[in-house]
Amino acid sequence: MKPIQNFSQLTDHLRTFEQRKRVVVVCPDDLNTEYALARAIEEGFAEFLLIGNSGVLAKYTRLAKYSEYVKVVHIEDPEKAAIEAVRIIHEKKADILMKGIINTDVLLRAILDKDKGLLPSGEILTHLAVMQIPSYHKLLFFSDAAVIPRPTLQQRIEMIWYAIHACHTFGIAQPRISLIHCTEKVSSKFPHSLDYVNIVELAEAGEFGDVIIDGPLDVLTSCERESAEIKGIASPIEGEADVLIFPNIETGNTFYKAMTLFAKADVAGILQGPIAPVVLTSRSDSGLSKYNSLAMACLASK
C-alpha cells in the first residue's frame with residue numbers, strides 16, 4: 001500500500017472497500033454533520049444509524065434520498081441517545097461511533113462508564129488528529145489536542161503506540177515521530193523533556209518497532225530540514241516528521257486552532273482507546289472536517 005498523503009487519496013482508498021462501514025451517530029442535527037454523512041454515502045464507504053429526535057432529523061432532506069443507507073432511532077434525550085449508541089457498539093451492530101450536536105461531556109460519560117462504556121480497563125483515552133497543511137508535502141499527525149491535559153510518561157508511550165498504528169493504516173511503514181518542546185534542550189524545569197529522553201532510549205532499543213523517534217525538537221526543526229541545518233541540529237527526523245507529540249493539551253490545541261485558522265489546514269480527528277473508533281469533532285467544526293474525521297475512523301475500523 002502506498003502512503004496516503006492527503007485526504008483526497010484517503011477517500012480514493014476507502015472507495016476500494018468491499019463493504020460499507022456501519023456508523024452510529026448521536027444527535028446529528030446540523031447541516032455540517034448532514035454534509036459529512038451524505039458525502040460518505042455518496043463515496044460508497046459508510047452507512048448510518050442516527051440516534052436522536054426523528055422530528056428534527058427529518059428536516060435534513062439531503063439524507064432522505066438515501067433511505068437504503070440511513071436508519072433512524074427516535075430518542076429525544078441526548079444522554080439516553082448516547083447510552084443507546086454505546087450499547088449498539090457493544091452489540092457489534094455498528095463499527096464506529098460519531099458525535100453530532102451533543103455536548104462532549106455527555107457523550108464521554110457514556111463512553112467512559114465503568115460498567116457499560118467503551119474504554120477497556122487499563123486503556124487510556126486520547127485524541128489523535130491528522131492535518132493536511134497547504135505548505136507541507138504530506139499528512140501530519142499530532143496528539144493530544146483535546147483529552148489529556150498533562151500526559152504522564154506512560155500516557156505518552158501509549159499515545160505514540162496509537163500514532164504508530166494510525167500511520168501504518170495510512171501506509172506509512174516507518175513513521176517519524178517528533179517529541180515537541182520549545183527548544184531542543186533537555187531541562188528539569190520541563191519534566192516532559194526528561195520523559196522524551198526515556199522515550200528516545202526505548203525507541204533506540206527497538207521497543208516501538210520500525211519507527212524513528214527523536215526529541216525534544218520544536219515544530220520548525222521537526223518539519224523543515226533547512227531549519228535543523230541552520231541550527232546545526234542532527235536529528236534522524238530530518239525535517240520529515242509524520243507525527244508530532246505535544247507536551248500538553250494547551251500546545252496541541254493551540255497548534256490545531258492556529259493551523260486551521262491561519263494556514264487553512266484541513267483536519268480530521270478521532271478518539272483512541274475505545275473498542276471502536278469514535279469521531280469526536282467540535283460542534284462548530286466544518287462539514288469537511290467532520291467528513292475527514294469520519295473517513296479517518298472508517299480507515300481505522302477493523
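Values quoted throughout were computed directly from the atomic coordinates according to the rules given, and no laboratory measurement underlies them. Remember, predicted model here, so these are calculated numbers, not experimental data.
Over 31 Å between C-alpha atoms is what I'm after, so list which of LYS71/LYS302; LYS185/LYS257; LYS189/LYS264; LYS59/LYS290 land there.
On the way: LYS71/LYS302 22 Å; LYS185/LYS257 26 Å; LYS189/LYS264 34 Å; LYS59/LYS290 19 Å.
Table pairs above 31 Å Cα-Cα are LYS189/LYS264.
From the C-alpha coordinates alone, can you work out the Kirkwood hydrodynamic radius of segment 167-288, in Å? Write down the numbers at each step before the final one.
Numbers: mean 1/r = 0.0628 Å⁻¹.
Evaluated on segment 167-288, it is 15.9 Å.
Inverting the mean 1/r over all pairs of different Cα atoms, compute the Kirkwood radius of segment 61-153 and quote it in Å. Show your work: numbers first, answer last.
Working: mean 1/r = 0.0621 Å⁻¹.
About 16.1 Å, per the Kirkwood formula over Cα pairs.
Need one number: % antiparallel among DSSP beta bridges in segment 124-273, to the nearest 5.
Numbers: 10 of 20 bridges.
About 50 percent, rounded to the nearest 5.
What share of Cα pairs, in percent, lie more than 26 angstrom apart in the chain?
44 percent
If you build a Gaussian network model of the chain, linking Cα atoms that sit under 10 Å apart, which residue out of ALA234, ALA166, ALA81 swings the most?
Fluctuation is largest for ALA234.
So what's segment 123-239 giving for Cα Rg divided by 2.2 N^0.38 Å, two decimals?
1.02
Helix-only mean residue ellipticity at 222 nm, the chain, DSSP H runs n ≥ 4 weighted -39,500 (n - 2.57), per residue, nearest 500. What is it?
Mean residue ellipticity, 222 nm, calculated: -11500 deg cm²/dmol.
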